[in-house]
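What follows is one structure encoded as structure tokens, with my remarks underneath.
The values are calculated or read from the model by the stated rules, or taken from the named source; none is laboratory data. The structure displayed is predicted, hence computed values, not measured ones. Heavy atoms of the whole protein, side chains included, go into the accessibility calculation; ligands, DNA and RNA do not. Shrake-Rupley method; radii C 1.70, N 1.55, O 1.52, S 1.80 Å.
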Amino acid sequence: MQFKAMVLSNVELSPGYFRMRMTAPQELASSAPGQFLMLKVNDAIDPLLRRPFGLFDVGSFLPEYSGCGAQVYCEILYKVVGKGTKLLSALHHGDLVDLLAPLGKGFDLGPAGEEKVLVGGGVGLAPLYYLAKELKNRGEKVRLFAGGRNRDDILCITEFERLGVETYVATDDGTLGERGFVTQVLEPHLAPGTRIFACGPTPMLNAVAKMAQKSGVPCQVSMEAYMACGVGACLGCVMKGANHTEETPDYRCVCKDGPVFDSFELQWS
């Protein structure tokens, strides 16, 4: 679904990291955690391509926005890394953007009664917040393991805690939480009856997937990839499936077949 959205807020949470709230049509309320949107920041030729962003949150409007002409809002987290996101960071209340949403396959929440473990860092926390909100609405026990290079990469921990999520933090330099990789903090907490949901850099997802396999627990990963179309037409975001060989290729489109995959579906280096 393509639609115009009005920017309601665009706040810098940490150096280079922003949280944006936009209006959305009622149909977006049926989106699933883990799905994403493709955003065109303006009508100019440059930047030409839309940018993909995971849905951080989708919900009904608070009373203070009752006059904005829409019933639903959506939010994204993003990091300024290039021209497109730099232009995005300069938008203000009332500016319009063009969106395609919701796209892709979201998380399977799994059966009730399991302990749900979320693993992410930086903008990889975006789909995990939406997921945590849905899991807590079901009365699930949820733990979050957030990692980053330093304290600036750890976003929205307070929001997770307000949901009742038990949080653990690790940073490479020790400026927040434990010193080291988030996978080191995660490993002692894996046990039968646990289900993992992870989003973040591929090396982290690789490590989490191997830990899940070793521990015998199910694991879903939300993959990050460069995308041009978001609907599987350009084949620019393909990755190798678990059964891929030169004789029998097995490719998966992150935008169409994912971005969420069972970790056992993919071929890890």
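Angle between the Cα long axis of helix 202-215 and the longest principal axis of the chain, 0 to 90 degrees, nearest 10? Once rounded, one gets 40 degrees. Computing Cα extents along the principal axes in Å for the structure here picks out one of [x] 77, 44, 32; [y] 55, 43, 38; [z] 50, 48, 36, namely [z]. In the chain, helices alone account for a calculated mean residue ellipticity at 222 nm of -4500 deg cm²/dmol, with every DSSP H run of four or more residues adding -39,500 (n - 2.57). Bridge orientation summary for the chain: considering DSSP beta bridges with both residues in this region, about 60 percent are antiparallel.
In the full protein context, the chain carries 46 Å² of accessible surface per residue, based on a 1.4 Å probe and ignoring ligands, DNA and RNA. Among the listed pairs 116/141; 105/256; 214/256; 116/136; 79/240; 141/256, give every one whose C-alpha distance is greater than 18 Å. Distance filter (> 18 Å) returns 214/256; 79/240; 141/256. Across the stretch 69-179, C-alpha contacts under 8 Å between residues 6 or more apart give a mean separation that, scaled by the residue count, equals a relative contact order of 20 percent. Amide H contacts for residue 197 (H built 1.01 Å from N in the peptide plane; partners 5 or more residues away or on another chain; cut-off under 5 Å): 117, 118, 119, 220. Heavy-atom surface analysis with a 1.4 Å probe gives the chain a carbon and sulfur content of 53 percent of its accessible area. Expressed as an acute angle from 0 to 90° and rounded to the nearest 10, what is the orientation of the C-alpha long axis of helix 126-137 relative to the principal long axis of the chain? Around 80 degrees separate the two axes. From the Cα gyration tensor of the stretch 69-189, with a ≥ b ≥ c the square roots of its eigenvalues, which class applies: rounded if a/c is under 1.5, or else prolate if a/b is larger than b/c, or else oblate? Cα axes put the stretch 69-189 in the oblate bin.
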